[in-house]
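The structure appears right after this line, and notes come after that.
The values are calculated or read from the model by the stated rules, or taken from the named source; none is laboratory data. The shown structure was predicted, so the numbers you read here are calculated from the model rather than taken from an experiment. These area figures cover heavy atoms from the full protein model, side chains too; ligands, DNA and RNA do not enter into them. Shrake-Rupley method; radii C 1.70, N 1.55, O 1.52, S 1.80 Å.
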Amino acid sequence: IDQGRHFPFVVVSPQCPADTRWDAKTLLALLDHVGTKHATDRDRVYVTGLSMGGSGTWSLIDAEAARFAAAVPICGRGESQAASRAGRLPIWIVVGDRDRAELVTNCREMAASLQSGGGDVKLSVYSGVGHDSWTQTYATPELYEWMLRHKASDRKSAAK
């Protein structure tokens, strides 16, 4: 966006206050607020975040996966219950192979857990990339095409 690129959607980029962590309840309230103030398609709500925001993405999946059409946690740590609650939510996990070893392992484990549960998961581990795996990810047009292919109602229809 800051490079002049235009997208066919509303983008909300909250910044976490200093010395705090993301709280799913607060983020969900923010989404509710944005939904009442702007014309939004509730069937096409996507969540993505980087680093601590990637962990926040996992916490939103854990709290309310059905609300989202797709999710892209980037170099964020996930907890196993988020994978178990994700269901068929399309999730594209991104991390650099030179990021912290425990984070790379966590991302691989989250992908494996989702796959073993029949989840719709894509894992990108960028070769030679450290913690900044978001620059490459957000510069990739395929990311936006992938997100826009998904709607929350697609999962509800498939479940019937």
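Here are the numbers:
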quantity: Cut-off under 5 Å, modelled amide H: who pairs with S124 long-range; calculated: I93, V94, V95
quantity: The chain, relative contact order [Cα under 8 Å, separation at least 6], %; calculated: 20
quantity: Helix-only CD estimate at 222 nm, as mean residue ellipticity for the chain, using -39500 (n - 2.57) per DSSP H run (n ≥ 4); calculated: -13000 deg cm²/dmol
quantity: Lysine pairs within the chain, Cα separation less than 25 Å, 8 or more sequence positions apart or different chains; calculated: 8
quantity: Length gained when the stretch T40-E64 is fully extended (0.36 nm per residue, less Cα-Cα span); calculated: 6.9 nm
quantity: Computed accessible area, H150, all protein chains, 1.4 angstrom probe, square angstrom; calculated: 30
quantity: Long-range amide H partners of R77 with built H, under 5 Å; calculated: S55
